[in-house]
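*Asks:* There's a structure below that I have some questions on.
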Amino acid sequence: MLTTVALSAYLENRLDLYVSLYIVEYFILTLLHSPFNPQAQKMIDVISYVLFAVFIFIVALKVLEIILGARFL
Amino acid sequence: MPIKGSYTLLGLGLILMGVLLSFVSYFILTSTPLTALGMSTIILGIVSLALGKGHPEIPPEASALMWKSGLENISAIIEELGLRSKAVYLPSSWASGKPQALLPLHSNPHPPKPDKPLPKRLIVKYGSNPQDMGLLVTTPGSTIADTLRFKPTAMHGDLEAALSSVLTGMTNLADDVRVARNDDKVIIEVSNPRLDSKDMWIDECLGSPLASIVASMSAEALNKPVAIEREGCEKGKYTIELSVLE
């Protein structure tokens, strides 16, 4: 919530930046509160894999934007 | 409504709200911050679902009742038999497939040393002398050590990691665990333990419930019998000293 408020205060309009920061915050918070109950840990792991894949996708698109000079997001 | 259901309901509500907010914000309002807010709400909803799934089926109050009644039963048996000797915690390789505590029926200055793996019985004979008889009891530590996915080894880091994952993670009985080892002594420091002893007869023989858990896991990790030498609060931390019996 604070991240959204802070970035919108700076009139930030890049959705990938918001999502990237949410993903980083998610990993930090789950790491600080781990270990979880084994059943919860399985679901948390699945969520982590999906969010990590999204993060890598965003990073890859940014790298391609730099290399190709095009704009995807 | 049970807590587990509350988490699930909260998660579903957050996901639904997040999807609606993201959809409306992106396609109708074309507002990036609100779209991002919707996506963060979806993530929060999924995490709430995960936490609800991991919530215990049995309420903590019911678990506490079963724990207390089990301890009182064992304490009554030990008190009836007039046992005062200290228990020796055996690893699973020495007991009946899981770590257990051996309570000698006769006081002996020397700790019992079983000469072969003990059978799966309550009253067992652990030596060649007629007086080498004892009670083989399952302790909370026996059950916990049995549920570990990976058996800890004798490496110092392994034992500390295993105790930490059980006491601070699985059972949330403490904030931190530190282990120090000498040749035949293991000293465990537990910060902010949340399991206190009720001063039952059983504590004289098996140690406090926390010490019992620590001793069972240490015996299993070291694959050697251990005994609780002393335990108590020191400098704000609960210290348990175990002696490793060869």
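*Asks:* Search the range B:166-178 for residues that are over 15 Å from A:S34 (Cβ atoms) and pair each with any residue that is surrounded by 18 or more Cβ atoms within 10 Å (Cβ to Cβ) and of a type in the set (D, E, K, R) when their beta-carbon atoms are under 8 Å apart and the residues are at least 6 apart or on different chains.
*Replies:* Sorted first by the residue in the range B:166-178, then by its partner, the pairs are B:V177/B:E160; B:R178/B:E160.
*Asks:* Residue under question is B:L90, and the condition is that it be more than 13 Å from chain A (Cβ to nearest Cβ), touching a Gly at 6+ places or on another chain (Cβ under 7 Å) and buried (at least 20 other Cβ atoms within 10 Å of the Cβ); does it hold?
*Replies:* No, not satisfied.
*Asks:* I need the full set of residues from the range B:72-92 which are among the charged types (D, E, K, R) and assigned to a loop (DSSP other than H, G, I, E, B), in order please.
*Replies:* Residues satisfying the conditions are B:R84, B:K86.
*Asks:* Also: With the condition kept exactly as written, say whether any residue in the range A:10-17 is more than 9 Å from chain B (Cβ to nearest Cβ), within 13 Å of the chain's Cα centre (by Cα), surrounded by 14 or more Cβ atoms within 10 Å (Cβ to Cβ) and assigned to a helix (DSSP H, G or I).
*Replies:* yes
*Asks:* Another question about this same structure. Could you tell me which numbered condition A:L73 fails, if it satisfies all but one of (1) at pLDDT 85 or above; (2) aliphatic (A, V, I, L, M); (3) over 21 Å from B:S48 (Cβ atoms)?
*Replies:* In the conditions (1) at pLDDT 85 or above; (2) aliphatic (A, V, I, L, M); (3) over 21 Å from B:S48 (Cβ atoms), A:L73 misses (1) alone.
*Asks:* Additional query: Regarding B:I28, is this residue part of a helix (DSSP H, G or I), modelled with pLDDT of 90 or more and either over 30 Å from A:A40 (Cβ atoms) or in the same structural domain as B:A211 (by TED's automatic domain parsing) (or both)?
*Replies:* Spelling it out, B:I28 is indeed part of a helix (DSSP H, G or I), modelled with pLDDT of 90 or more and either over 30 Å from A:A40 (Cβ atoms) or in the same structural domain as B:A211 (by TED's automatic domain parsing) (or both).
*Asks:* When the residues of the range A:35-53 are filtered to those that are farther than 21 Å from B:M170 by Cβ and surrounded by fewer than 16 Cβ atoms within 10 Å (Cβ to Cβ), which remaining residue is nearest to the chain's Cα centre (by Cα)?
*Replies:* Filtering first and then ranking leaves A:F52.
A quick yes/no check of all residues on (1) in contact with a strand residue (DSSP E or B) (Cβ under 6 Å, 6 or more places away or on another chain); (2) within 14 Å of chain A (Cβ to nearest Cβ); (3) part of a loop (DSSP other than H, G, I, E, B); (4) surrounded by 13 or more Cβ atoms within 10 Å (Cβ to Cβ):
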{"residue": "B:G5", "(1), (2), (3), (4)": "no, no, no, no"}
{"residue": "B:V24", "(1), (2), (3), (4)": "no, no, no, yes"}
{"residue": "B:L44", "(1), (2), (3), (4)": "no, yes, no, yes"}
{"residue": "B:H55", "(1), (2), (3), (4)": "no, yes, yes, yes"}
{"residue": "B:A62", "(1), (2), (3), (4)": "no, no, no, no"}
{"residue": "B:G70", "(1), (2), (3), (4)": "no, no, no, yes"}
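*Asks:* Is it the case that the range B:168-184 has a residue that's exposed (fewer than 15 other Cβ atoms within 10 Å of the Cβ), on the phi > 0 side of the Ramachandran plot and at pLDDT 75 or above?
*Replies:* yes
*Asks:* Sticking with this structure for a sec: Go over the candidates A:L32, A:L2, A:L61 one by one and state the one that is exposed (fewer than 12 other Cβ atoms within 10 Å of the Cβ) and away from every other protein chain (no Cβ under 11 Å).
*Replies:* Being exposed (fewer than 12 other Cβ atoms within 10 Å of the Cβ) and away from every other protein chain (no Cβ under 11 Å) holds for just one of A:L32, A:L2, A:L61, which is A:L32.
*Asks:* Does the range B:198-211 contain any residue that is at positive phi and crowded, with 23+ Cβ neighbours inside 10 Å?
*Replies:* yes
*Asks:* Can you pull out the residues in the range B:26-42 that are of a type in the set (V, I, T) and either over 30 Å from A:P38 (Cα atoms) or at the interface with another protein chain (Cβ under 7 Å from one of its Cβ atoms) (or both)?
*Replies:* Matches in the range B:26-42: B:I28, B:T30, B:T32, B:T35.
*Asks:* To continue, here is another question. Keeping to the range B:118-130, report how many residues are within 17 Å of B:I78 (Cα to Cα) and of a type in the set (S, T, N, Q).
*Replies:* Number of matching residues: 0.
The values are calculated or read from the model by the stated rules, or taken from the named source; none is laboratory data. Note that the coordinates shown come from a computational prediction; the quantities given were computed from them, not determined experimentally. Here the Cβ is made from the backbone with ideal geometry for all residues, glycine too, and neighbour counts use every protein chain on show.
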